[in-house]
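Each remark here refers to the structure printed beneath this line.
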Amino acid sequence: MNIKRKVRPNLTNYDLLELIQEELQQAERRIVRKVVFTVSFGVISIFMLLAFVISAQGGTARDYAAEAMKKAFVAERAVHIIDEASGANILERANTVSNQKTE
């Protein structure tokens, strides 16, 4: 408790009330400061954890996307090979039909 004025030997109830109110206000300030610090630290910690998880999983997602693209290219190449081997030229006919519909 900080005493800002000289304490008299005969304290009145009003003097005690002022001292207690000052002490309560200081305690409230300390509590509010601690709560604000704790909440801020918690929010920052959550954001840092999310950023870490997202950055750690980014490589895995890229790997999955690259693998899917490779499989798509292999599948497309296989379709072309099958189409050429069968001699049906289904892909060329499909492109011709779709071009005629758009015109």
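In order along segment 17-33, the phi-based Karplus estimate (6.51 cos²θ - 1.76 cosθ + 1.60, θ = phi - 60°) of 3J(HN,Hα) comes to 4, 4, 5, 5, 4, 4, 5, 5, 5, 5, 5, 4, 4, 5, 5, 4, 4 Hz; Gly and Pro are listed as x.
3J(HN,Hα) couplings calculated from phi for segment 39-50 with the Karplus curve 6.51 cos²θ - 1.76 cosθ + 1.60 (θ = phi - 60°) are, in sequence order, 5, 4, 4, x, 5, 5, 4, 5, 5, 5, 5, 4 Hz; Gly and Pro show x.
Surface listing: 30, 77 arranged by accessible area from highest to lowest gives 77, 30, probe 1.4 Å.
The values are calculated or read from the model by the stated rules, or taken from the named source; none is laboratory data. This structure is a prediction, so every number in the text was calculated from the model and none was measured. The area values use the complete protein model at the heavy-atom level, side chains included, leaving out ligands, DNA and RNA. Shrake-Rupley method; radii C 1.70, N 1.55, O 1.52, S 1.80 Å.
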